[in-house]
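Asks: Sending over a structure as C-alpha cells; questions will come in a sec.
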Amino acid sequence: MPARNQANQVTIGDVTITTQATLATDVGGSLVAMKKKNRSALDADKKHAFFQLITKHQHTPFDLQPQTMQSVQDLQESYNLGVGLANMQMHFRRYDILDVFTIVFPTKNAIGEQTGQLENDNFNMTKTVFLFDCYAELAADQVAESCKWYTRWPDTTTSPWFRENLSYDYLCNHMTPQLWGNVLEDLLPYRDAQGLGGPLVFFFIFGSKGSGTLFQLWWQAFHHCLHSETTNRPHALLSGAPTPAPAPQAAAVPAPAPAPPVAQVPSGDASALTAATSTTTLPQICQQGSAIATGMNQLIYQVNHAT
C-alpha cells in the first residue's frame, strides 16, 4: 500500500511522487503518444518513419463479412470484428489521428460546390457525427464530402495535420486482398473528387452494402437462434420454469398457447439461419450470445471513456 510522507507526497515502492493539491482535469491527451500539433517539429524522414510506425500491420486483418449470421460461431466472429474495431479506435486516439473521423456536413452553393461553411444542428452548434459510432446511418457521399472539406478548407499553416490524418494506409494494411478489392471498386466514383481518405475507406469496410452494425447482426442471429430453438417447445422452457408433466392419456390436451412473438430484427434476411440450432442448445446459445454481447458492450464503454 502506498505510504504517505507529507501532505503533498506519496511513496509507491521506492519512488516518491509529489502530488497536486487538487485533482487534474486536463487529462484528455494523457494516452496520446505524440500530439498532432507536435508533428510539425519532425523533419521529413522522421515524419515518414512515424507514419510507417503507426500504420504498419498490427492485428488480424478485416475480412469480408456475411450479410446474415448463421451460427454461434458467426457471433464469435462478429465479436472478433468488434475487438478489431475497438482496437483501431484506441490506436487512432493514441496517435492523435482520430479527428477526421468526426464527420462534418459542408454547405454548398447553387452549383453544388462547397462554400467552406458547415451546417449547424438544432442547437446552433456545428453538426457532427462520429463515424465509429454511426457508420451505418451515413451515406458514402456524406463521408466523401467530409473528407473533401478536411482536405480543402482548414488552413495548413495553422493546422496541417488534417491532410495527414486522412491517410488510409493503416486500413490498407489491415484488410484482406478480397476486401480491399471490393473497397477499391466502391472508391472509383470518388478517385478524382478529393473525397478519398481514411474515413471513406472505413465506411466502405463497415457501413456499406447494407451489412448493418455489429449489434444488429448479433441481434439478428441471437433472436433467430431463439426462434428456431423454441418453435416446438413450451414457453416455460424459455422462461426457466420447470417442464410440465405430460397430461394423462384420458385427459383432453388443450391447444398450446401461441408462441411469444420474436423481436423484430433490425436489418438483413436471416431466413437461412438454421445451422446454429442443429447442434447447439438454447442455454448454450443464451450463454455464448450473452457473453459475446457483454464483451462488446465492455469494449464500447472502454473505448468511449478512454482518456
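Computed from the coordinates by the stated procedures, all read-outs in this text should not be read as laboratory data. Small disclaimer: the values here were computed from a predicted structure and weren't measured. Cβ: placed from backbone, ideal geometry, glycine included. Neighbour counts: every protein chain shown.
Asks: Non-local amide H neighbours of Met175 (under 5 Å, H modeled in plane, Pro and chain starts lacking H): which ones?
Replies: So Met175 has HN proximity to Phe62.
Asks: Please turn the phi angles of segment 35-46 into ³J(HN,Hα) values with the Karplus equation 6.51 cos²θ - 1.76 cosθ + 1.60 (θ = phi - 60°), one per residue in order, whole Hz, x for glycine and proline.
Replies: 5, 4, 5, 8, 5, 4, 7, 7, 6, 4, 5, 5
Asks: Starting from 0.36 nm per residue, how many nanometres of slack lie between Asp133 and Gln194 once their C-alpha separation is accounted for?
Replies: Here the answer is 19.6 nm.
Asks: Right, another one. Could you go through segment 176-184 in sequence order and give the Karplus-derived ³J(HN,Hα) for each residue, using 6.51 cos²θ - 1.76 cosθ + 1.60 with θ = phi - 60°, rounded to whole Hz, and x for Gly and Pro?
Replies: 6, x, 5, 5, 4, x, 5, 5, 4
Asks: Additional query: Given a Förster distance of 30 Å, report the FRET efficiency between Val32 and Ile111 from their Cβ-Cβ distance, rounded to the nearest 0.05.
Replies: Result of the calculation: an efficiency of 0.15.
Asks: Measure off 7 Å from each Cα along the Cα-to-Cβ vector at Thr19 and Asn120, then give the distance between these two points in nanometres to one decimal.
Replies: 4.5
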